[in-house]
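**Q** After the structure tokens below, expect a handful of questions from me.
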Amino acid sequence: MSDWIDEALAQRRAAGLVRVRRAVLAQAGGRVRLAGRWLVNFASNDYLALATDPRLARAAARAARRYGTGATASPLIVGWSKPMRALERALADWEQCPRALCFASGFAANLGVVTALAGRGDVIFSDELNHASLIDGCRLSRASVQIYRHADANHLADLLAQHAAGARRLLIVSDSVFSMDGDLAPVPALAELAQRYGAMLVLDEAHATGILGAQGSGLAELHRDSLSPLGERFVKVGTLSKALGSQGGYVCASKQVVRYLLNTARPYIYSTGLAPPVAAAARCAVGIARAPEAAASRGRVLALARELQTRLRARGWSVPATATQIVPIVVGSTPRALHLSRRLARAGLLVPAIRPPTVPAGTARLRVSLTAAHTPADVLALVEALGHPPVNAPAAE
């Protein structure tokens, strides 16, 4: 009965695509202990280095003592805990939106939003490099899905002109920071097209939350003037699991949209709510992320990313231009990416090899995430360990 599973795994193993989990023994200060060794952690999405911050740990411990360690059921069944209420209000205030709604994960939030807002008779327009959660939301919605070329507003405009007529509703969905490339969505152009065609715009800010914007609330903060004309037709998804160092996802939208999602988003309705300690830790993280000192942390992270890009390009590595904390080093083949990742691990650096299907075939890469726990010395160590690319590697861009 399981022969087909063995065969499928063997095929993945032959292609270098089998994933395994490694036991994390400890983590602290941008380092992680794996198999008895401490490595500089360039794999983490903990962009503000809050996952091990003692302030979050104390907030979680206080909530656990007072409210317990689990939410016990869906918020619609068992109720809306005080830590959850405080978190959602803090998120709405930070994001300058009427309401926020928390989900068990960012993946669940994207699934819930897309499947609730679009269905049969609707058309969704989705960036070709969107996160898997948006892709799966599009598929599960049963709407017609049109894929536009990555960050290509002109192609999106063409598709809208072709497919808008006769559709019940239109939905444009995009990451704001693309997780494997580190580049940005053309938000003003997306907003203008949504306004022109009466479409809703859903923006997934998972990798922008806490990092971009003067207040750290994401790319939408930088383009608030472009997005404000959309009113309740703009829906933003964020995460608690990356820069905020906790767990979960959230949606920011109008009161009407949040009320609708609360009644129609299946991942919200049928999932247990965030545990009180998790919600309390996230609430603490929001306060830290919007404080003045966090702006300096964001600045340091982005400056380190720029420094790394400059040094890598000088060595001849293929590093796409980005304005974020994510620095991809495109090496092409899966075996080359795996070889480099293993070589860096031997040098004390954890840099993951990203392979298909996470990225398109032929674009395997090392994905470097810079965080507030990294130092200029860490960046220099990475550059020195990589050295120069082999002569048959992709040319620098």
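Derivation of every value follows stated rules applied to the coordinates shown; laboratory data play no part. These numbers were taken from a predicted model, which means no experiment stands behind them. Note: ideal-geometry Cβ built from the backbone for every residue, glycine included; neighbour counts use all protein chains shown.
**Q** Given (1) 132; (2) 150; (3) 160 as candidate values of volume of the Cα convex hull per residue in Å³, which corresponds to the one derived from the coordinates?
**A** (3)
**Q** Rounded to whole Hz and in sequence order, give me ³J(HN,Hα) for segment 172-188 from the Karplus expression 6.51 cos²θ - 1.76 cosθ + 1.60, θ = phi - 60°, writing x for Gly and Pro.
**A** Residue by residue, segment 172-188 yields 9, 10, 7, 5, 8, 10, 7, 5, 9, 10, x, 8, 10, 6, x, 4, x Hz.
**Q** Related question: Taking other Cβ within 10 Å of each residue's Cβ, how do Arg283, Arg342 sort, fewest first?
**A** Arg342, Arg283
**Q** Return Asp6, Asp204 ranked ascending by Cβ neighbour count within 10 Å, so the fewest neighbours appear first.
**A** Asp6, Asp204
**Q** If you don't mind, another one. Just to confirm my numbers, what's the Cα centroid distance between segment 89-112 and segment 273-341 in Å?
**A** When both Cα centres are located, 22 Å separates them.
**Q** To continue, here is another question. Can you give me the Cα centroid spacing of segment 370-386 and segment 130-150 in angstrom?
**A** Here the two parts' Cα centres lie 36 Å apart.
**Q** Which residue fluctuates most in the GNM of the chain (Cα springs below 10 Å): Gly121, Gly112, Gly210?
**A** Gly121
**Q** A follow-up question, please. Between Gln256 and Arg149, how many nm apart are label points set 7 Å from Cα along the C-beta direction?
**A** A separation of 3.7 nm, rounded to one decimal place.
**Q** Right, next: In whole Hz and in residue order, list the ³J(HN,Hα) couplings for segment 369-384 that follow from phi through the Karplus curve 6.51 cos²θ - 1.76 cosθ + 1.60, θ = phi - 60°; x for Gly and Pro.
**A** Going residue by residue, I get 10, 8, 9, 5, 8, 7, 10, x, 5, 5, 5, 4, 4, 5, 4, 5 Hz, with x marking Gly and Pro.
**Q** Moving to a separate point now. What ranking do Thr115, Thr272 get, fewest neighbouring Cβ atoms within 10 angstrom at the top?
**A** By the 10 Å Cβ count, ascending: Thr272, Thr115.
**Q** Remind me, relative contact order of segment 168-280 in percent, using alpha carbon pairs under 8 angstrom and six or more residues apart?
**A** 19 percent
**Q** Mind ordering 74-87, 248-261 by average Cβ neighbours within 10 Å, highest first?
**A** Ranking the peptides 74-87, 248-261 by packing returns 248-261, 74-87.
**Q** Right, next: With contacts defined as alpha carbon pairs under 8 Å and 6 or more residues apart, what's the relative contact order of segment 1-119 in percent?
**A** Computed over segment 1-119, the figure is 9 percent.
**Q** Spin-label point model (7 Å from Cα, Cβ direction): what's the Ala164 to Glu192 distance in nm?
**A** Once both label points are built, they end up 1.3 nm from each other.
**Q** Taking 8 Å as the Cα distance limit and 6 or more residues as the minimum spacing, I'd like the relative contact order of segment 193-341 as a percentage.
**A** Relative contact order comes out at 17 percent.
**Q** For segment 351-360, take each phi angle, set θ = phi - 60°, evaluate the Karplus expression 6.51 cos²θ - 1.76 cosθ + 1.60, and give the result in whole Hz per residue in order, putting x for glycine and proline.
**A** Computed from phi, the couplings for segment 351-360 are 10, x, 8, 9, 10, x, x, 4, 10, x Hz.
**Q** Still on this model: Going by a ≥ b ≥ c, the root eigenvalues of the Cα gyration tensor, does segment 125-188 fall in the rounded group (a/c under 1.5), the prolate group (a/b larger than b/c) or the oblate group?
**A** oblate
**Q** Now a separate question. Do any cysteines in the chain lack another Cys Cβ under 4.7 Å, and if so which?
**A** Cys with no partner Cβ under 4.7 Å: Cys102, Cys138, Cys284.
**Q** Grab the other residues whose beta carbon is less than 13 angstrom from that of Arg168, score K and R as +1, D and E as -1, and report the net.
**A** Computed value for this residue: +2.
**Q** Using 7 Å Cα-to-Cβ label points, what is the Ser74/Thr272 separation (nm, one decimal)?
**A** Here the modelled spin labels are 1.5 nm apart.
**Q** Checking the a/c ratio against 1.5 first, then a/b against b/c, what shape does the Cα gyration tensor give for segment 1-152?
**A** oblate
**Q** Also, quick follow-up: Using Cα positions and a limit of under 17 Å, work out the lysines in reach of Lys255, with same-chain residues fewer than 8 apart set aside.
**A** Lys236
**Q** Name the residues whose placed amide hydrogens come within less than 5 Å of the amide hydrogen of Ala373, ignoring near sequence neighbours (fewer than 5 apart) on the same chain.
**A** Ala49
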